[in-house]
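Enquirer: One structure coming up, written as structure tokens, with questions to follow.
A short reminder: the numbers here are calculations on the coordinates, not readings from a lab. The structure displayed is predicted, hence computed values, not measured ones. Neighbour counts run over all protein chains shown; Cβ positions are idealised from the backbone, glycine included.
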Amino acid sequence: MSLPAPVGTPYRIAFVCLGNICRSPMAEVIMSSLVEEAGLAAEVEVTSCGTGDWHMGDPIDPRAAAELEAAGYDSSAHRAKRFDASWLGKDLVLAMDAKNLHDITDGRGADHRVRMFRSFDPLGGPDDLEVPDPFYGGDEGFAEVIAMVERTCHRLVTELRALNL
């Protein structure tokens, strides 16, 4: 699966989950770091948000922050934001699960610019597109999500390079 062509500069990617304190900010932090390492920071803008509003302004979940820190990432600047329909004008909006996708598209589903995040996962398949929400589980859920997010973000960076931004 390839990325859609840019609608402008910079190329804008948004990750969406429920509360914007676990999955989507983990993806934002990891993707931002990989984009910078790839020398694409001036060409690619990365952000994240949640479909719910109960965590607005909160930092990332401490368990997600600990997992990111252990992997060498800094999540200290993150503050939860809520999805706004204007975000659908970004180059690529990636939902972490089917409910998030349903909520941001009013039930219309995926299209070329709004997709499931794991549709880019090299280990995912058409029936395995959800990033599990680790919020209600133990620390092992955060480790599973970070592994999923890292490999998928690496694939996204490869796709960004192919766009010759």
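Enquirer: Answer yes or no: is there a residue in segment 89-101 that is in contact with a helix residue (DSSP H, G or I) (Cβ under 6 Å, 6 or more places away or on another chain), of a type outside the set (A, V, I, L, M) and in contact (Cβ under 8 Å) with a residue 12 or more places away in the chain.
Expert: No.
Enquirer: I'm trying to understand the selection: among the residues of segment 70-116, which are of a type in the set (Asp, Glu) and touching a Phe, Trp or Tyr at 6+ places or on another chain (Cβ under 8 Å)?
Expert: Hits for segment 70-116 are Asp91, Asp103.
Enquirer: Only one residue in Ala38, Ala70, Ala14 is under 20 Å from Glu150 (Cα atoms) and free of Cβ contacts under 8 Å to residues at least 12 places away in the same chain. Which one?
Expert: Testing whether each residue is under 20 Å from Glu150 (Cα atoms) and free of Cβ contacts under 8 Å to residues at least 12 places away in the same chain leaves just Ala70.
Enquirer: So which residues in segment 1-25 are in a strand (DSSP E or B) and over 15 Å from Asp91 (Cα atoms)?
Expert: Result: Cys17, single match.
Enquirer: Still on this structure, I have one more. Can you pull out the residues in segment 114-150 that are surrounded by fewer than 16 Cβ atoms within 10 Å (Cβ to Cβ) and not small (Gly, Ala, Ser)?
Expert: Scanning segment 114-150 gives Pro122, Leu123, Pro126, Asp127, Asp128, Pro132, Tyr136, Asp139, Glu140, Glu144.
Enquirer: Over 17 Å from Pro134 (Cα atoms), surrounded by fewer than 16 Cβ atoms within 10 Å (Cβ to Cβ) and free of Cβ contacts under 8 Å to residues at least 12 places away in the same chain: does that describe Ala77?
Expert: yes
Enquirer: Also: Has segment 132-146 got any residue that is touching a strand residue (DSSP E or B) at 6+ places or on another chain (Cβ under 8 Å) and within 16 Å of Arg63 (Cα to Cα)?
Expert: Scanning segment 132-146, I find at least one residue that is touching a strand residue (DSSP E or B) at 6+ places or on another chain (Cβ under 8 Å) and within 16 Å of Arg63 (Cα to Cα), so the answer is yes.
Enquirer: If Ala64 passes every condition in (1) more than 13 Å from the chain's Cα centre (by Cα); (2) surrounded by fewer than 21 Cβ atoms within 10 Å (Cβ to Cβ) but one, which one does it miss?
Expert: (2)
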